[in-house]
Amino acid sequence: GTTLVGDMLDYVYDLIDGYLEPLPPEYEDSLIVETRLALPSGKKLIDFTDFGSTLGGGTVGDLFQNGLSLVDKALGSMTPDPDLIGATGDGLDLGINRLLRATVLNEDRAWIADLPDFAATGGVIFQGHDMLTETIITIDQFKLLGLDSFESFDPLNANGRYTLGNHFFWKNLIVELDLTLIMKPSSLSDSLISVGTDAEVKESITVNIGINEIGVDFHFFLGVDEVELGALKLGSILVDPGNIPSCVFRSLFLGQVTGFSVDVGDMQFPTLTGFISPGIDLLVSKAAESVFLMYEPTLKKATPNFFELKIRDMTNTLISNVVSKAQDDGLCSPSTNYTQTGRSYIHMGDLLLSGEDAEIIGGSGDNPYGILLK
């Protein structure tokens, strides 16, 4: 249409304008949750700068600290990757990349996001109307590729008593948007076209936008209740390792992202595919090209605040939902016991050995404590 490019430019400007202002003070300080923290009487959280002051020295404190070190090493070190050639082409890849492929990403190594923000509008992200056409663009799917392209990953560094800093670097991320574009004759009173109002052209297109060399400083307030951690129901975990989130999250007093600083190297020129009509392909591609050329520097400038504001809040909402679900699912039951073994004490053979070997040394042999430690 005659005003499609101008309408798209206005839309993009409105979209990014809010991320060009200085950050609110509470978003500038990654330790602000810690400094404003008011604990209830008797509540004590694990101090990451001094484990001995909370968990005690030599036993639980060392165990917790060693656990964090193991996680750090497992996620941030290069490990053999039997499924891929590895990020460096030598058959090795970072543990965090392999973990993401095994748990979060689908078979295409992509993460597909829910789109609650667009549910109320029916997925409409753009609507323009001029003397020639009425244009409506809806979003059908948001896909993120490259999450498993970490080139460095340094997690769990104590930045405060209860705040952990994580530093990582992505080689590249690609945002893939599946869109539906509908163009139909203008219904305005001054329309230049006079045809039936039900005439329309519908296109399903895919837009790819790439970002290269993304450095991130990610800060997380992790308030772990010392008493609740000490009361961890190991029995429920031993019987079913799937109960780990339910049991562990019960000790979480507060978990919150407190910093999401991002530095972007460069942005790739967006590509649009899937058009059937060459005329609409040319029109929309030229509009997208105009938007990118005009706003590329502004988009790069807005990206850090977009992560600090939008992505941080989305992540905190996700964390809150996951933790609440795990805490409320009832899987970590305090009633779990092993009276069926007929013993007052845990038999170490049943805990650590195979059923056959445990039976040889006097155990029941039927895995009464599960198989987590075998």
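The values are calculated or read from the model by the stated rules, or taken from the named source; none is laboratory data. All figures in this text were calculated on a predicted structure; none of them were measured in a lab. So basically every Cβ, Gly included, is an ideal-geometry build from the backbone, and we count neighbours across all protein chains shown. For accessibility, only protein heavy atoms count, side chains too; no ligands or nucleic acids. Shrake-Rupley method; radii C 1.70, N 1.55, O 1.52, S 1.80 Å.
Take segment 86-136 and flag every residue that is at pLDDT below 80 and in contact with a Gly (Cβ under 6 Å, 6 or more places away or on another chain).
Scanning segment 86-136 gives Asp130, Leu132, Thr133.
Given the condition in contact with a Phe, Trp or Tyr (Cβ under 6 Å, 6 or more places away or on another chain), among the hydrophobic types (A, V, I, L, M, F, W, C) and either at pLDDT 85 or above or open to solvent by 50 Å² or more (accessible area, probe 1.4 Å) (or both), answer yes or no: does some residue in segment 49-68 qualify?
No, segment 49-68 contains no residue that is in contact with a Phe, Trp or Tyr (Cβ under 6 Å, 6 or more places away or on another chain), among the hydrophobic types (A, V, I, L, M, F, W, C) and either at pLDDT 85 or above or open to solvent by 50 Å² or more (accessible area, probe 1.4 Å) (or both).
Considering only segment 182-194, state which residues are in a strand (DSSP E or B) and crowded, with 17+ Cβ neighbours inside 10 Å. Outline the logic, then answer.
Of all residues in segment 182-194, those in a strand (DSSP E or B) come to 182-185.
Across segment 182-194, the qualifying residues are Met183, Lys184, Pro185.
Residue by residue through segment 288-315, note down the ones that are surrounded by 16 or more Cβ atoms within 10 Å (Cβ to Cβ) and within 13 Å of Met267 (Cα to Cα).
The answer is Phe292, Tyr295, Leu299, Ala302, Thr303.
Please determine, by comparing only the residues of segment 135-181 that are in a strand (DSSP E or B) and among the basic types (Lys, Arg), which one is nearest to Ile276 (Cα to Cα).
Quick first cut of segment 135-181, residues in a strand (DSSP E or B) only: 135-145, 150-158, 163-181.
Add one more test, that the residue is among the basic types (Lys, Arg), and what stays is 143, 171.
Working: Lys143: 22, Lys171: 33 Å.
Filtering segment 135-181 for residues that are in a strand (DSSP E or B) and among the basic types (Lys, Arg), the one nearest to Ile276 (Cα to Cα) comes out as Lys143.
Which members of segment 123-157 meet the condition of being among the β-branched types (Val, Ile, Thr), surrounded by fewer than 17 Cβ atoms within 10 Å (Cβ to Cβ) and closer than 30 Å to Phe218 by Cα?
Here is the first cut: in segment 123-157, the ones among the β-branched types (Val, Ile, Thr) are 124-125, 133, 135-139.
Still in the list and also surrounded by fewer than 17 Cβ atoms within 10 Å (Cβ to Cβ): 124-125.
Passing the criteria: only Ile125.
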